[in-house]
Amino acid sequence: MSRDSASRRLPVIITLIVGLMLTIMPLPDAIEAFRPDWLALLMIFWAMQLPRTWSVGSAWIVGIVLDVSYGTLLGQHALALCVITFATVRFHLLMRVFPLSQLSATVFALLALYQFILFWVNGVAAVSAPSVAYWGPVITGTLIWPFFYMFMSGVRYRSRSGD
Amino acid sequence: MATSRGHNTNPARIPALGLRALVLILVSIVLMYLDHRQNHLDGIRKGIGAAVYPLQVVVDAPVRFWGWLGDSTTSRNQLELELGRLQAERLLTNARLQRLTALEAENARLRALLDARESVRDEVRVAEIMAVDANPYEHNLVIDVGSRDGVYDGQAIVDADGVVGQVIRTGVMTAQAVLISDADHALPVEVNRNGLRTIAVGTGEIDRLDLPFLPNNADIRAGDLLVTSGLGGAFPAGYPVAVVDSVTRIPSEPFADVTATPSAALGQVREVMLIWSAPPVTEAENATESATETEEPDE
């Protein structure tokens, strides 16, 4: 069915590595809480475009790597990423035909779900955090989604015409 | 939607998606439980952490390069000025050190007279902070030394002005440390002026600590220096922690409202020192120390 060649996976892996670098890059304290969840955005995009290759399993591995580099509870981000990727793959055909505005609303819902799971796990594990750490990334993530989507579509188009 | 669900021939159907997701979710929950309850997963953490290390180095590189560029383009004039300043500073420090040697000898003699255990000089090592952001839920930093260099969980970190924090997660080549200003951090301190013991709790604000367990009649005032008391075992005694900046006594409340400003520049440090405190404490001493730590200050 799908051609799982290395040349096809490579662009996705590169974007994920860049995403991880953006995630651990230092930012001034004032805007740090508004850093978008780059890896969540990337997983939503790739699960929407290539749901056979980039599905819940990949999301889980990305989440574990994120947990280790953050030092959060092992499995916390893995769980959250896994859940939103599941929803994305489940509705990927619908999301592909959505106009951009409607797609942004869907992304908002997915990011909110992502942060809610993180919040919920933090609550159970008794980790206290300011509330801006949760809603900040959702807002910025939704606002940059249209640009992110256009940019990533370009990346995908180029990488496909390359091989 | 292209076609309806339920047909295996449907090209849009991803095989066993729900099942895979369910299994992974359960695995995540088990992992989180194990990680929260015990430390069985340190090996996995260290393995993946070592794999992420190159990325941290790459992220850190531009900042390091910028610093190097700044260093190598300083003018000769500036360097000479800096050199003069440093030489003067060194002279002063050396003069103070001379007295310190004599004082240390005297201290050892007195301790021997009192039969107290000798306080051995702490071993230190300079570590650089990597320009890498970690956990969004706590005040922390990543340093460029790890278990390879003998760093261990719970190790104290100071800078030139005072206590910075302690190591909480040791990787192979890096370690994560929590700052004393983190809302979940508390450390045993004493007032340098009179030895009044209490606990300094982080507030989540980088420039403020709270001292919530001081009664209204406690002898403490603005300007008092707080130093580590050495109780609790994580921090060696005698390092400056913070300076009290306000004491508000509310007669109707059992405890005074005391806030302090950390001595270390928590938001700006670039280099820190790790402390290996030498004296191994015996079991009995340990027990009494941890018992007194939880007590109210006895003034």
When both residues are 6+ apart or on different chains and their Cβ atoms are under 7 Å apart, which pairs have a first residue that lies in region A:64-77 and is modelled with pLDDT of 85 or more, and a second that is among the basic types (Lys, Arg) and not in a helix (DSSP H, G or I)?
-> none
When region A:116-140 is checked residue by residue, the ones that are touching a Ser or Thr at 6+ places or on another chain (Cβ under 9 Å) and over 13 Å from B:His36 (Cβ atoms) are A:Leu118, A:Phe119
From the list B:Thr259, B:Thr228, pick out the single residue that is crowded, with 16+ Cβ neighbours inside 10 Å, polar (S, T, N, Q) and closer than 30 Å to B:Asp149 by Cα.
-> B:Thr228
Within region A:92-104, the residues that are under 19 Å from A:Val138 (Cβ atoms) and either free of Cβ contacts under 8 Å to residues at least 12 places away in the same chain or touching a Lys or Arg at 6+ places or on another chain (Cβ under 8 Å) (or both) are A:Phe98, A:Ser101, A:Gln102
When only residues in region A:117-130 that are without any contact (Cβ under 8 Å) to a residue 12 or more places away in the chain and either more than 10 Å from every other protein chain (Cβ to nearest Cβ) or over 20 Å from B:Glu205 (Cβ atoms) (or both) count, which is nearest to the chain's Cα centre (by Cα)?
-> A:Trp120
Mind listing whichever residues of region B:155-190 are surrounded by fewer than 20 Cβ atoms within 10 Å (Cβ to Cβ), within 12 Å of another protein chain (Cβ to nearest Cβ) and at pLDDT 85 or above?
-> B:Ile168
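For the structure I just gave you, tell me whether A:Thr23 is touching a Lys or Arg at 6+ places or on another chain (Cβ under 9 Å), in contact (Cβ under 8 Å) with a residue 40 or more places away in the chain and within 23 Å of B:Val57 (Cα to Cα).
When the stated conditions are applied, A:Thr23 passes them.
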Total residues in region B:23-51, condition farther than 16 Å from A:Leu118 by Cα, among the polar types (S, T, N, Q) and at the interface with another protein chain (Cβ under 7 Å from one of its Cβ atoms) = 0
Which residue pairs have Cβ atoms under 6 Å apart, sit 6 or more places apart or on different chains, and have a first residue in region A:140-155 that is part of a helix (DSSP H, G or I) and a second that is surrounded by fewer than 14 Cβ atoms within 10 Å (Cβ to Cβ)?
-> A:Pro146/A:Leu100
Only unsatisfied item for A:Ala78, checking (1) of a type outside the set (S, T, N, Q); (2) buried (at least 19 other Cβ atoms within 10 Å of the Cβ); (3) more than 8 Å from every other protein chain (Cβ to nearest Cβ); (4) within 18 Å of B:Val27 (Cα to Cα), is (3)
Test: A:Leu143 is surrounded by fewer than 19 Cβ atoms within 10 Å (Cβ to Cβ) and over 25 Å from B:Val178 (Cα atoms) | yes
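Out of curiosity, is A:Ala40 within 11 Å of chain B (Cβ to nearest Cβ) and either crowded, with 20+ Cβ neighbours inside 10 Å or assigned to a loop (DSSP other than H, G, I, E, B) (or both)?
Values: within 11 Å of chain B (Cβ to nearest Cβ): no; either crowded, with 20+ Cβ neighbours inside 10 Å or assigned to a loop (DSSP other than H, G, I, E, B) (or both): yes.
For A:Ala40, the condition - within 11 Å of chain B (Cβ to nearest Cβ) and either crowded, with 20+ Cβ neighbours inside 10 Å or assigned to a loop (DSSP other than H, G, I, E, B) (or both) - is not met.
The values are calculated or read from the model by the stated rules, or taken from the named source; none is laboratory data. What you are looking at is a predicted structure, and each value in this text was computed from that prediction instead of being measured. Glycine gets a Cβ as well: all are built from the backbone with ideal geometry, and neighbour counts include every protein chain shown.
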